[in-house]
Amino acid sequence: GKTAVLEATARALGGRLRLAALSGDLATERDADRLAAAGIPSRAITTGSACHLDARLVHEALDDLAIRDVDILFIENVGNLVCPAIYDLGQAANVVALSVTEGEDKPLKYPVMFRVADLVLLTKTDLLPHLPDVSPSVIEEALARTMPAARMLPVSARTGAGMEAWLAWLEQMAV
């Protein structure tokens, strides 16, 4: 979900912003390779068994990535909703990618992640017709109970739905 959104972001921006990415993974460089193929200069950070990135890992990875002329540096953390929430990586904003397939209760089950989020991207919305028990409005209600200033954008990397609102948010952040 996260990598697909970043790939779609690069395509949709068409070069309007200069992007780079650090991609956290337990064991592979696959996501960083996908991002590089999408035109986003990327560096993989493999953590071994750690379920999150930390500031030291990010700092070391930045040595290998030219970011001087970058408008936005994405730090794609290891994909879980627990560990990454409590580590400050020096980021300007926290965006949580929440897939519709994960269920409506994730903001309530993992409130720490959502409390620190500036934005939630509700991803894979193209699957909603196949998930009759999932309601974006119920997810939004759960976010309102956990996020100080709840903000959710539904997106689909596959169809491009919602991408313009996401790009507008990014462009505002890059100013």
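The values are calculated or read from the model by the stated rules, or taken from the named source; none is laboratory data. Quick caveat, the model's predicted, so the values are computed rather than measured. All Cβ positions, even for glycine, are placed from backbone atoms using ideal geometry, and neighbour counts span all protein chains on display. Just the protein is used for accessible areas: all its heavy atoms, side chains included, with ligands, DNA and RNA removed. Shrake-Rupley method; radii C 1.70, N 1.55, O 1.52, S 1.80 Å.
So here's what we get for this one:
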quantity	calculated
Scope the range 126-156; condition surrounded by 12 or more Cβ atoms within 10 Å (Cβ to Cβ) and polar (S, T, N, Q); matching residues	135, 146, 156
Extreme residue, surrounded by the fewest Cβ atoms within 10 Å (Cβ to Cβ), among residues of the range 54-77 that are of a type in the set (A, V, I, L, M, F, W, C) and at pLDDT below 85	66
Selected residue (only one of 123, 101, 159 is in contact with a helix residue (DSSP H, G or I) (Cβ under 8 Å, 6 or more places away or on another chain), surrounded by 18 or more Cβ atoms within 10 Å (Cβ to Cβ) and β-branched (Val, Ile, Thr))	123
Residue that is most open to solvent (accessible area, probe 1.4 Å) [pool: residues in the range 3-31 that are small (Gly, Ala, Ser) and out of contact with any Gly (no Cβ under 9 Å at 6 or more places or on another chain)]	14
Conditions (1) without any contact (Cβ under 8 Å) to a residue 60 or more places away in the chain; (2) over 16 Å from residue 6 (Cβ atoms); (3) open to solvent by 60 Å² or more (accessible area, probe 1.4 Å); (4) within 18 Å of the chain's Cα centre (by Cα): number failed by residue 43	(2)
Residue pairs meeting the criteria (Cβ under 7 Å; at least 6 apart or on separate chains; first without any contact (Cβ under 8 Å) to a residue 60 or more places away in the chain and over 13 Å from residue 2 (Cβ atoms), in the range 66-95; second open to solvent by 30 Å² or more (accessible area, probe 1.4 Å) and in a strand (DSSP E or B))	67/73; 89/75; 91/75
Members of the range 104-114 found to be among the aromatic types (Phe, Trp, Tyr) and open to solvent by less than 60 Å² (accessible area, probe 1.4 Å), listed by number	114
